[in-house]
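The values are calculated or read from the model by the stated rules, or taken from the named source; none is laboratory data. Values in this document were obtained by computation on a predicted structure and should not be read as measured data. In this analysis, Cβ positions are derived from the backbone assuming ideal geometry, glycine residues included, and neighbour counts consider all displayed protein chains.
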Amino acid sequence: MTSRPSLPAPWIQALALVALCLLCYLPGLFSTPPIDRDEARFAQASRQMLESAILPESLQDSALHAGGFAVPLVQDKPRLNKPPLIYWAQSASAFIFSRGDALRDSIWMYRVPSVLGAIGAVLATWWMGRRMFDERAALLAGALLATCIAVVFDAHQARSDQLLLGVTAWAMALLWNIIRQAHRNKPTGWWRWLMFWIVVGLGVLTKGLTPMVVLLTLIGFCIVQGKWWAWRAAKPMLGFIVIVAVVTPWVLAVADHVGFDNYTRILHDEVINRGTSAKEGHSGPPGYYFLTAAAMFWPAGALAIFGVWWGWRRSLSLGPKDARWKERTIRRPAELFLLCWLLPTWIFFEIYSTKLPHYTLPVYPALALLCARAAFSGSALIKRWPARLSVIGFAAVGVLVPSAILVGSVLTGDLLPSVWLVAPFAITVIVITVLASRALWKGFALKGVLTALVAVPPMAFLTHAIVLPRLTSFSPAIIERLDVLGLDDRPLAATGYTEDSLVFLTRGKINKLGQDEAMTWLREHPSGVLLLRQGMLTDNAAEFRVIDSVTGFQFARGKNITVDIVELKP
């Protein structure tokens, strides 16, 4: 009998995971312009929050800087559909990296909290896996989450999703630690549940989903077991008091600025209305997240069905057919905990009306742990057809996406980089995908998924360092043209192309106008410059002259447009 080679010390494992994260998250982080629309809005709100605190009063604008650290503003409009923790984190990051000079900030500074949130989630998954299974499964689970395409993409953006993922992952890791202690009849200690509920409170201040994930997991775990010892160990009533203590100061500050009625209305629109009707056209049928999992959880999606199936088989042993369902014998509390974390929240979002791909991110650590543990099991389930559907999805994404980029670089002219730059990375990803798919199809789950992980760094570099900077370069090109023409210090407005990246790049100084407001603004600002989508205001063409035009790709709408730079005729 041969013994398995031992892994390095835990701190070396943690450093290895951090290095893997940076290998995937740093390409393109500094070079990609602000991405429309959410990222630009988050970053601009955080910038205005920072400026309200550190700019001299002589440089502050009452419309832009009235919210302080309580109410995030994008220009003069409150942005209260998301809680404040992400804005505080982004403001702190910009303050640190700009050395306290808000006028020297850059978009990458607002992305750093997303990188740290993703790394935090990876380390929480690894830490939890060591306590659930063993260090090999834990290390693989951390790697699967670190390289997940949805995590890699969001870690490059100044949004709240990765901070939410990190906070939720640590909340669930602490919850499992409490349950594990209680299951062994050991005292949980007041500090464990206090730390746990403080982290849940931070989740409320991040995006509000963490308590839902925690409660669904706890309730599901207790119902399946038919016992409520885990509920009692978590002390939810005391937890509620902790959450209120964490959240209330900010709620009172917001109410002081905008009023309770307005804030309640915003919450109702953001939470209830999103659940009952699709918002902003983001709809999808039940099964949407199941169908998109192969892409969003790539490359670990190759083991998704296998991991959940294996976890189900391990956690529940069904009794006789006529036995009551409560009389099931619980075999593996770790796998049961992961399933109760994954399935109820997943089902909730499948029936939730508004659907966006990142909504299910908070359950990805559970899926990564199930897949990692299954990969080491040697189970023959990987060869059965339900599990092979995941392998087919993995192969399709790994071949079709780089192929589409490769073909696009040939057919779209200047829109995508040169085929000679794209080809080495695209072909590398395709070859690795084919090799991994072959191993998975033959039933070698561990070999296949380890091979698949090798495809992620070149895929990340191709997408974020080569393709995305080109696709998001339109707004910077417009601002650069204004600078070259010497128009950057004149009053500026836009109509027809009013993306939030323009707001960020002009530090909030651009006026976003409707078509019927544009000519009025020009007449009221004779020295002003208007960015006008070509083909608009044709009836008023005699009143203005076109100084220059810029053509480019509107990323948020996926099409090429031309913007004219115009001014009023003398």
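Filtered by the rule that a residue be over 23 Å from Glu499 (Cβ atoms) and either touching a helix residue (DSSP H, G or I) at 6+ places or on another chain (Cβ under 9 Å) or assigned to a loop (DSSP other than H, G, I, E, B) (or both), the range 45-70 gives Ala53, Ile54, Leu55, Pro56, Leu59, Gln60, Ser62, Ala66, Gly68, Phe69, Ala70. When the helices (runs of 4 or more DSSP H) confined to the range 251-360 are screened for residues that are among the β-branched types (Val, Ile, Thr) and modelled with pLDDT of 85 or more, those reaching at least 2 such residues are found at 304-315, 333-351.
For the structure I just gave you, tell me whether Ile198 is of a type in the set (A, V, I, L, M) and within 28 Å of Trp298 (Cα to Cα). Full working, then the answer.
Working: of a type in the set (A, V, I, L, M): yes; within 28 Å of Trp298 (Cα to Cα): no.
Judged against the criteria, Ile198 is not a match.
When you look at Trp228, is it modelled with pLDDT of 95 or more, touching a helix residue (DSSP H, G or I) at 6+ places or on another chain (Cβ under 8 Å) and farther than 30 Å from Arg79 by Cβ, yes or no? Spelling it out, it is not the case that Trp228 is modelled with pLDDT of 95 or more, touching a helix residue (DSSP H, G or I) at 6+ places or on another chain (Cβ under 8 Å) and farther than 30 Å from Arg79 by Cβ. Checking the range 22-29 against the condition returns no match, with no residue being in contact (Cβ under 8 Å) with a residue 60 or more places away in the chain, under 23 Å from the mean Cα position of the chain (by Cα), under 18 Å from Gly508 (Cα atoms) and assigned to a loop (DSSP other than H, G, I, E, B).
Out of Arg373, Arg388, report the one residue that is among the charged types (D, E, K, R), under 18 Å from Gly301 (Cβ atoms) and buried (at least 19 other Cβ atoms within 10 Å of the Cβ).
Arg373
The residues of the range 342-355 that are buried (at least 19 other Cβ atoms within 10 Å of the Cβ) and among the aliphatic types (A, V, I, L, M) amount to a single one, Leu342. Taking every residue in the range 93-113 that is without any contact (Cβ under 8 Å) to a residue 12 or more places away in the chain and pairing it with any residue that is of a type in the set (D, E, K, R) and surrounded by 15 or more Cβ atoms within 10 Å (Cβ to Cβ), at least 6 positions away or on another chain, the pairs with Cβ-Cβ distances below 8 Å are Ser98/Asp105.
Please verify whether Thr188 is among the polar types (S, T, N, Q), in contact (Cβ under 8 Å) with a residue 24 or more places away in the chain and under 16 Å from Cys340 (Cβ atoms), treating the condition exactly as stated. Answer is no for this residue.
Residue under question is Thr147, and the condition is that it be in contact with a Gly (Cβ under 6 Å, 6 or more places away or on another chain), at pLDDT 95 or above and among the hydroxyl-bearing types (Ser, Thr, Tyr); does it hold? Judged against the criteria, Thr147 is not a match.
Looking at Thr498, is it free of Cβ contacts under 8 Å to residues at least 24 places away in the same chain, under 17 Å from Gln75 (Cα atoms) and of a type outside the set (A, V, I, L, M, F, W, C)? Yes. When you scan the range 194-213, do you find a residue that is more than 19 Å from the chain's Cα centre (by Cα), within 21 Å of Cys340 (Cβ to Cβ) and buried (at least 19 other Cβ atoms within 10 Å of the Cβ), even just one? Yes: the range 194-213 contains one or more residues that are more than 19 Å from the chain's Cα centre (by Cα), within 21 Å of Cys340 (Cβ to Cβ) and buried (at least 19 other Cβ atoms within 10 Å of the Cβ).
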